[in-house]
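The values are calculated or read from the model by the stated rules, or taken from the named source; none is laboratory data. Keep in mind the model is a prediction, meaning the values are calculated, not measured. Cβ coordinates were reconstructed from backbone atoms using ideal geometry, including for glycine residues, and neighbour counts include every protein chain displayed.
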There are 2 protein chains.
Amino acid sequence: MSLTLDTPLDMHLHLREGAMLDAVAPFSAAAFAGAVIMPNLVPPVDSLERLRWYRREIARASQGQQFTPLMTLFFRNYSAAELAEAKPQIIGIKLYPAGVTTNSAGGVANLAEADETLAVMERLGIPLLVHGESHGFVLDREQEFLPIYARIARQFPQLTIVMEHITTRRATELLDQHTNLFATVTLHHLQITLNDLAGGLLDPHLFCKPIAKRPEDRDALLQLALTAHPKLMFGSDSAPHPRSSKEGAGCAAGVFSAPVALPALAELFAQHGALGKLQAFVSDNARRIYNIAPPPKQVTLERRRWVVPARYGDVVPYLACSELAWRIADVQPA
Amino acid sequence: MSLTLDTPLDMHLHLREGAMLDAVAPFSAAAFAGAVIMPNLVPPVDSLERLRWYRREIARASQGQQFTPLMTLFFRNYSAAELAEAKPQIIGIKLYPAGVTTNSAGGVANLAEADETLAVMERLGIPLLVHGESHGFVLDREQEFLPIYARIARQFPQLTIVMEHITTRRATELLDQHTNLFATVTLHHLQITLNDLAGGLLDPHLFCKPIAKRPEDRDALLQLALTAHPKLMFGSDSAPHPRSSKEGAGCAAGVFSAPVALPALAELFAQHGALGKLQAFVSDNARRIYNIAPPPKQVTLERRRWVVPARYGDVVPYLACSELAWRIADVQPA
């Protein structure tokens, strides 16, 4: 049994830089036609010069595989001229509230001060991608941010707003309340809850931001994905850290899922009799929402068992040592 | 400024065995007049022979310091004759639902099957100490167990039941609803929430079972402790693990607080203007609830700053590298 996906896209991806970029980019480039590249390097990608450098780095690290990096800038208050010049180079601008996740210290401290830039983005048609968490209690952060999404959606009705890596039932409910609000969801948030992180032994490799929530949250996200809700896109949020940053006295947030994302999604959708919805979830919805047409690529998955390695280099992947029922069999430019 | 505590007791303590026992027992023996010793060794302490051996081991490891181990047996279905023989040797029997925490695999799988033993314990006046967690979602486990506490309290009205290491507001509310229901609370559950474990970097040294809960839970526990609620006792649940078991790919549950417990409690109670309640919280309540009179010991704390070491041997303590305002200045047999 096999399944061919047309131009699968990962709409939320961390590729890092330097040696880590070299180590992880080939996995995304092998499985996906393109990906939305997060800009939270140190310092952040917040100029066109740095963006062009990063795009070249990604192309180099992709080792000749056909792969389209859909670049983002790190949100700051850009001038109208900067935004106009940037527009052809980017798929959107990523906004981090200051300090909520890995390398977000330079993020926005006061969201009200973003309005001027948001108004220009709306006028120019540049989407806004948001890490939507407050600074409150860890389980409440996404929920506390939802009114901010609603406020921005109302205030800038022509602005395309993407709630990145949603993790709660409440966020899924907000999706239908504003026409200009969209969302990505990760593979792991379709599968795990806080129980998987901390119910038995504590598993640092399942620690991520936003933190995995309750079973009813996971179930609401899964329901939306399996029906390929037209406003929902797949975004792995694959975020590699070296083992020393995960298995120490203080563990960094991030799950490295790039090497397993498509096979695990195929298995998950097949288990629920929803394989027919995978194409929309991993590609069609994103192409329609962003109005993009990246160079096509056919990725064929086949039903054949394999065991996920314990490590890829120095990085422990999501589902390490697990057996998966599907694997990538063939990749062809269309 | 100083404060002398009369016969401070730690009503919930894990001392382990072998080299770990040798490493950690001196800290409890230095600060406390006695402690309730948890029986979850491998295999568990579930015979008088094994209990006598463990008591001798603890005495040896206490290095001549005056310290009274208040021994417990691991719950199984004991005969009436076994219980009658055990009674003079123990302060109570500790019940673990199977598999809920470190070394609890041999615990009770079906609580209804415990009734016969509970009836004999009630008749003989042997207290029941319970790790009250269900096997459900990690944040709900204590709350889901509360109806079981209520059922046992009603069914065995003369049985003294101690809800060990409570972590939720709901548990504090249950305390007043049954005259034969009591509780211990740890130092760390008076101070931390899930935010401290997982709100920034993930901190494996704050991972414990039951897991730390929400701010409103912590606040309810703190309120009860600062007023020295007459049915609440201090129990550190100090539970050492070697660093390799905490800082690896799977982190064991347990916080090692024995070396800092009394100083940190003094600082916490002083901060809230409640130093006058500390004696009841760390000793008087326990002596009255259990009707015990362990050999007295005067422990004097003084207000003098010190920095908690990064490690004690191979164990990272609670509040490692933090500055504490109080320290133990003097210990005297009464």
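Show the residue pairs meeting these rules: Cβ distance below 9 Å; 6+ apart or different chains; first residue within the stretch A:29-50 and over 18 Å from A:LEU129 (Cβ atoms); second residue basic (Lys, Arg) and surrounded by fewer than 22 Cβ atoms within 10 Å (Cβ to Cβ).
Hits for this filter: A:PRO43/A:ARG50.
Residues in the stretch B:237-273 that are away from chain A (no Cβ under 11 Å), in contact (Cβ under 8 Å) with a residue 12 or more places away in the chain and farther than 21 Å from B:GLY18 by Cα: how many?
Counting residues in the stretch B:237-273 that are away from chain A (no Cβ under 11 Å), in contact (Cβ under 8 Å) with a residue 12 or more places away in the chain and farther than 21 Å from B:GLY18 by Cα gives 12.
Of (1) touching a Lys or Arg at 6+ places or on another chain (Cβ under 6 Å); (2) among the aliphatic types (A, V, I, L, M); (3) within 30 Å of B:SER134 (Cα to Cα), A:ALA228 satisfies all except one. Which?
(3)
Does any residue of the stretch B:143-160 turn out to be farther than 30 Å from A:HIS241 by Cα, of a type outside the set (Asp, Glu) and within 14 Å of another protein chain (Cβ to nearest Cβ)?
Narrowing the stretch B:143-160 to residues farther than 30 Å from A:HIS241 by Cα: B:143-160.
Filter again for of a type outside the set (Asp, Glu), leaving B:143, B:145-160.
Now narrow it down to the ones that are within 14 Å of another protein chain (Cβ to nearest Cβ): B:143.
There is at least one residue in the stretch B:143-160 that is farther than 30 Å from A:HIS241 by Cα, of a type outside the set (Asp, Glu) and within 14 Å of another protein chain (Cβ to nearest Cβ).
Somewhere in the stretch A:214-232, is a residue farther than 24 Å from A:GLY125 by Cβ, within 14 Å of chain B (Cβ to nearest Cβ) and buried (at least 22 other Cβ atoms within 10 Å of the Cβ)? Please lay out each step first, then the result.
Of the stretch A:214-232, the ones farther than 24 Å from A:GLY125 by Cβ are A:214-228.
If we keep only those that are within 14 Å of chain B (Cβ to nearest Cβ) too, we end up with A:214-219.
Okay, now just the ones that are also buried (at least 22 other Cβ atoms within 10 Å of the Cβ), so A:217-218.
Yes, some residue in the stretch A:214-232 is farther than 24 Å from A:GLY125 by Cβ, within 14 Å of chain B (Cβ to nearest Cβ) and buried (at least 22 other Cβ atoms within 10 Å of the Cβ).
What are the residues in the stretch B:197-211 that are touching a residue at least 40 places away in the same chain (Cβ under 8 Å) and either at the interface with chain A (Cβ under 10 Å from one of its Cβ atoms) or surrounded by fewer than 23 Cβ atoms within 10 Å (Cβ to Cβ) (or both), if any? Write out each step before concluding.
Applying the first criterion (touching a residue at least 40 places away in the same chain (Cβ under 8 Å)) to the stretch B:197-211 yields B:204-211.
Across the stretch B:197-211, the qualifying residues are B:PRO204, B:HIS205, B:LEU206, B:PHE207, B:CYS208, B:LYS209, B:ILE211.
Applying the selection to the stretch B:151-187, what residues are β-branched (Val, Ile, Thr) and either assigned to a helix (DSSP H, G or I) or modelled with pLDDT under 95 (or both)?
Of the residues in the stretch B:151-187, the ones β-branched (Val, Ile, Thr) are B:152, B:160-162, B:166-168, B:172, B:179, B:184-186.
Hits for the stretch B:151-187 are B:ILE152, B:THR172.
Which of the residues belonging to the stretch A:123-140 are surrounded by fewer than 23 Cβ atoms within 10 Å (Cβ to Cβ), within 14 Å of chain B (Cβ to nearest Cβ) and not hydrophobic (A, V, I, L, M, F, W, C)?
A:SER134, A:HIS135, A:GLY136, A:ASP140
Give the residue, chosen from B:ALA320, B:ALA286, B:ALA310, that is aliphatic (A, V, I, L, M), over 18 Å from B:ALA270 (Cβ atoms), within 14 Å of another protein chain (Cβ to nearest Cβ) and in contact (Cβ under 8 Å) with a residue 12 or more places away in the chain. Step through it out loud before you land on a result.
Details: B:ALA286 fails: within 14 Å of another protein chain (Cβ to nearest Cβ); B:ALA310 fails: in contact (Cβ under 8 Å) with a residue 12 or more places away in the chain.
Answer to the check: B:ALA320.
Please determine, by comparing only the residues of the stretch B:188-222 that are of a type in the set (S, T, N, Q) and outside any helix (DSSP H, G or I), which one is farthest from B:ALA261 (Cα to Cα).
Keep residues of the stretch B:188-222 that are of a type in the set (S, T, N, Q), which gives B:191, B:193, B:195.
Cutting the leftovers down to outside any helix (DSSP H, G or I) gives us B:191, B:193.
Numbers: B:GLN191: 12, B:THR193: 18 Å.
Among those residues, the one meeting the criterion is B:THR193.
Would you check which residues across the stretch A:172-196 are closer than 25 Å to B:GLY254 by Cβ and crowded, with 23+ Cβ neighbours inside 10 Å and list them?
The first filter runs over the stretch A:172-196 and keeps only residues closer than 25 Å to B:GLY254 by Cβ, leaving A:192-196.
A:THR193, A:LEU194 - these are the residues of the stretch A:172-196 that are closer than 25 Å to B:GLY254 by Cβ and crowded, with 23+ Cβ neighbours inside 10 Å.
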